[in-house]
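Q: Mind looking over this structure? Questions follow.
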Amino acid sequence: MLTVKNMTLRFGELIANNNVNMEIPDNKIVALIGPNGAGKTTCFNCISGVYTPNEGDIILNDVSIIGKRPCKIHNLGISRTYQIVNLFAEMTVIENVVVAMHDSLKSNFFDSMFHTKKHREEEKAAYERAYELLEFVELQDKAYFEAGSLPYGEQRLLEIVRALAGNPSILLLDEPAAGMNSKEKGDLDIIIKKIMQRMNLSVLMVEHDMDLVMGISDYVYVLNYGKLLAHGTPDEIQQNPDVIEAYLGGDD
Amino acid sequence: MVIQLLVAALLTGSIYGLIALGYSLIYRASGIMNLAQGDLMCLGGFMGYTFYNILGLPIFGAMLCTMVSMFLIGCVLERIVVRPIFNRNVSSSALILATVAVSYIVQSLELVIWGGAPLNMKSFLKVQTITFLGVSYQTESLLCIGVALLCMLTLHIFMKKSSFGIAMRAAAMDPIAARSCGINVDQTNRITWAISTSVAGLAGILVGPLYGITTTLGTAMSTKGFASAVVGGYGDMYGALLGGGVLAALETFAAGYLSSSLKQLVAYVAVLIVLFIKPRGLLNVEAVKD
C-alpha cells in the first residue's frame, strides 16, 4: 500500500503540489486525473524520487521513501512509465527489460567483467524471466529487435514491461494510452487488469482518456491547480459538480 | 612495404583508438570531453615504466598493474573532481575546464615524480623480429596490436553481454530512465571514468617503446585521440576505434609514400573532408536518425 500524506512541492513561488493526500490500496487500480498543468506528473515525480517534496511524507508498506534516490525507490518496489516514451532506443527489446531487473545489478562489476559462473547463471535466469514478461504483452517474437524500431503502441507496452521487470508492488503509469490508436487503447484496458491480477500489484495511473479511466479504475483522485479537488469512485467523480466545472472551465 | 606500413598503421591506430575510446565513453556518460585523456595516457606510460623497468615485473603483469592502478585513479578522479562539479549543474564548460586543470596537475606530478627527461621502456620481448612469408615484422608491434585488440574485444563483450555493461549503456543513453529502472547512475558513471582512464593507461604502456615516455607526449596524443573520436562519430565506441584506425592509416601511408613532413597535412585535410561530408562522424547513430 502506498500512502501520500500532506505532500507539498514548491518551485519558488509556484506551488506545484499543495497538501496532496492519496491512498493506493493493494491490488487496486487508482487514477489521477485533472486538467493540463494540474500537477499530476509532478506528483509522479515526487513519488518516484525525481523531486523531493518540501513537506509531507510518502509511505510504501510502512516505510517512508521520501528523499530516497530514484534507483533506490525502484528497488523498493515502485516502477513507472513516462508520458513520452522513454525507452533505450538503441538497445534490443529484451535488453530494455533485463536492464530493469533487480538481479541485474546484484553481481558486481568484477563478476560481470570476468564473466564468473554465478554471473552467467544469474544472467540466464534474467533473460528467461524477461522473455516471460514479454509474452505478457505478446512482444516475445520481437525480443531481439531494436526497441526504437517498434511501432509506437508497442513501445508503450515495452515500457510497461520494463517497469514490471523490477517486480514492483506499485506501478505508476503516466498517460499509458497517449498516442495509441483505438484498438490499442481497447487492448490496454485488458492488459492493465491482467497485469494487476497476475503480478499482484497496484496501479496508479495518470490518464486523459476518460473511457479508459472510468472503465478500469477502482478509485479516482482529481487534481486541480496542484490541489486535490475531489476523490471517489468513478461514478461519484462523474457526478461531482466541482469536477465537471474544472473540466469545462479548464483548458482541457 | 605495404604490409609493414599496415602493421605500423594498425599499431598507431590501436593506440589512437584506445585514447579515443575513453573520449567517447566519457562523452556518453557525462556529456563532456575529457581533455585530460592524453595526460592520463602518459601517466599510464610512467606507471608502466615503473612496474616494468624499475620493479621488473613481467610485461603482462606490468600492463595489468598499470590498468588496475589507472582504474582506481579514474574512480578517484570521478569522485573528487567530476562528481562535485557535475552535481552543481553548472555549464559543461566548467567541467571541461576541470579536466584541463586535471591534465596540468597530472603533468606536473609526473615531472616531480619521474623528472623531465624522456624515459625509454625496455623492449617487451627478447626476439625482436620474426619473418613470415618473406616479410619481417617487429614482434613488439604485433604484441601491442594484439593486446590493444584483446582489450577492445573484452570491452565489447563486457558492454554488450554483461548486465553491468548493459546498465552502463542504458545510463549513458538516458540517465533519467535508467534511474527509474533502478540503475545507480552515479556508480555506472564512475565505472565509465575508471574504464576510460584504465584503457588510456594501457595505451600509455603501448606507446612506450614507440615514442618513449615524456610529460609532453600527452598533449599531442590527446589531440589525436580526440580527432579519432570525432571522425569516427563522437560518443560511439566502435566509431572511436574506426576513427583511430583511419587517422593512423592516413598518417602512416602519407609518411610512407610521400614524406613524413606531409603526414599531418594529409591526415588533417582528410579529417576536414570527413567533417564536411559527415559532420557527425563516420559511425554516428544520431546521424542516421536525423
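Q: Below 13 angstrom from the Cβ of A:GLU154, what's the summed charge of the other residues (Lys, Arg +1; Asp, Glu -1)?
A: Charge balance near A:GLU154 sits at -2.
Q: Could you tell me which of rounded, prolate or oblate describes the stretch B:65-153, using a ≥ b ≥ c as the square roots of the eigenvalues of the alpha-carbon gyration tensor, with rounded for a/c under 1.5 and, failing that, prolate when a/b is larger than b/c and oblate otherwise?
A: Prolate is the answer for the stretch B:65-153, as a/c is 1.5 or above and a/b outweighs b/c.
Q: What size of dipole, in debye to the nearest 20, comes out for chain A about its Cα centre when the only charges are +1 on Lys and Arg C-beta atoms and -1 on Asp and Glu C-beta atoms?
A: Result for chain A is approximately 840 debye, rounded to the nearest 20.
Q: Right, another one. Which pairs break 18 Å Cα to Cα here: A:LYS40/A:LYS185; A:LYS124/B:LYS160; A:LYS28/A:LYS194; A:LYS72/A:LYS118; A:LYS40/A:LYS227; A:LYS72/B:LYS160? Write down the numbers at each step before the final one.
A: Details: A:LYS40/A:LYS185 21 Å; A:LYS124/B:LYS160 14 Å; A:LYS28/A:LYS194 12 Å; A:LYS72/A:LYS118 24 Å; A:LYS40/A:LYS227 10 Å; A:LYS72/B:LYS160 25 Å.
Violating the 18 Å Cα-Cα cut-off are A:LYS40/A:LYS185; A:LYS72/A:LYS118; A:LYS72/B:LYS160.
Q: Taking the Cα centroid of the stretch A:176-252 and of the stretch A:1-38, what is the distance between the two, rounded to the nearest whole Å?
A: 14 Å
Q: With contacts defined as alpha carbon pairs under 8 Å and 6 or more residues apart, what's the relative contact order of chain B in percent?
A: 37 percent
Q: Could I ask something else about it? So what does log10 I(q)/I(0) come out to for the stretch B:24-69 at q = 0.16, 0.22, 0.31 Å⁻¹, using the Debye formula with one equal point on every Cα and no solvent?
A: Taken in order of the listed q values, log10 I(q)/I(0) reads -0.51, -0.72, -1.00.
Q: Regarding chain B, what's the average projected area of the Cα-atom convex hull, expressed in nm²?
A: Mean orientational projected area (chain B, Cα hull): 16.1 nm².
Q: Sticking with this one: Among A:ARG162, B:ARG190, what is the fewest-to-most ranking by other Cβ atoms within 10 Å?
A: In increasing order of surrounding Cβ atoms, one gets B:ARG190, A:ARG162.
Q: Still on this structure: Divide, for the stretch A:184-246, the radius of gyration over alpha carbons by 2.2 N^0.38 Å, where N is the residue count.
A: 1.20
Q: Take B:ASP39, A:ASP211 and order them by how many other Cβ atoms sit within 10 Å, fewest up front.
A: Arranged by neighbour count, lowest to highest, B:ASP39, A:ASP211 become A:ASP211, B:ASP39.
Q: One-quarter of the Cα convex hull surface for chain A, in nm²?
A: Convex hull of Cα atoms, orientation-averaged projection: 14.2 nm².
Q: Here's a follow-up. Between the stretch B:236-251 and the stretch B:38-86, what is the C-alpha centre distance in whole Å?
A: Taking the Cα centre of the stretch B:38-86 as reference, the centre of the stretch B:236-251 is 24 Å away.
Q: Write out the chymotrypsin sites (Phe, Trp or Tyr not before Pro) in the stretch A:129-209 meeting two conditions: DSSP loop, and at most 12 other Cβ atoms within 10 Å of their Cβ. Spell out each step's value before the answer.
A: On the way: sites: A:TYR131, A:PHE136, A:TYR144, A:PHE145, A:TYR152; in loops: A:TYR144, A:PHE145.
The qualifying sites are A:TYR144.
Q: Relative contact order for the stretch B:144-274: what is it in percent, counting Cα pairs under 8 Å that are at least 6 residues apart?
A: Normalised by residue count, the contact order of the stretch B:144-274 is 11 percent.
Q: Sticking with this structure for a sec: Given contacts defined as C-alpha pairs under 8 Å and at least six residues apart, what's the relative contact order of chain A, whole-number percent?
A: Here the relative contact order equals 29 percent.
Q: Please identify the DSSP H helices in chain B that span no less than 27 Å along the helix axis (Cα) and have a mean Kyte-Doolittle hydropathy of 0.0 or more. Could the numbers behind the result be given before it?
A: Details: long enough: B:2-30 (40 Å, 1.52); B:92-114 (33 Å, 1.64); B:139-161 (32 Å, 1.40); B:185-211 (38 Å, 0.71); B:237-257 (30 Å, 1.16).
Taking the DSSP H segments of chain B (at least 27 Å long, mean hydropathy at least 0.0), we get B:2-30, B:92-114, B:139-161, B:185-211, B:237-257.
Q: For the protein assembly as shown, taking Cα atoms only, what is the radius of gyration to one decimal and the Dmax to the nearest whole Å?
A: 27.5, 93
Q: Which FRET efficiency value, to the nearest 0.05, do you get for B:LEU149 and B:GLN128 by plugging their Cβ-Cβ distance into 1/(1 + (r/R0)^6) with R0 = 25 Å? Show your work: numbers first, answer last.
A: Numbers: r = 21 Å, r/R0 = 0.85.
Once rounded, the FRET efficiency stands at 0.75.
Q: Among B:SER24, B:SER261, B:SER108, which one shows the biggest mean-square fluctuation in a GNM of chain B, springs joining Cα atoms closer than 10 Å?
A: B:SER261
Q: Arranged by the count of other C-beta atoms within 10 angstrom, fewest first, what order do B:LEU155, B:LEU40 take?
A: Ranking B:LEU155, B:LEU40 by Cβ neighbours within 10 Å, fewest first, gives B:LEU155, B:LEU40.
Q: Now for a separate question. Which residue fluctuates most in the GNM of chain A (Cα springs below 10 Å): A:GLU159, A:GLU236, A:GLU13?
A: Highest fluctuation among the options: A:GLU13.
Bear in mind these aren't lab numbers, they're just calculated from the coordinates by the rules spelled out. Values in this document were obtained by computation on a predicted structure and should not be read as measured data. Every residue, glycine among them, receives a Cβ derived from its backbone with ideal geometry; neighbour counts consider all protein chains shown.
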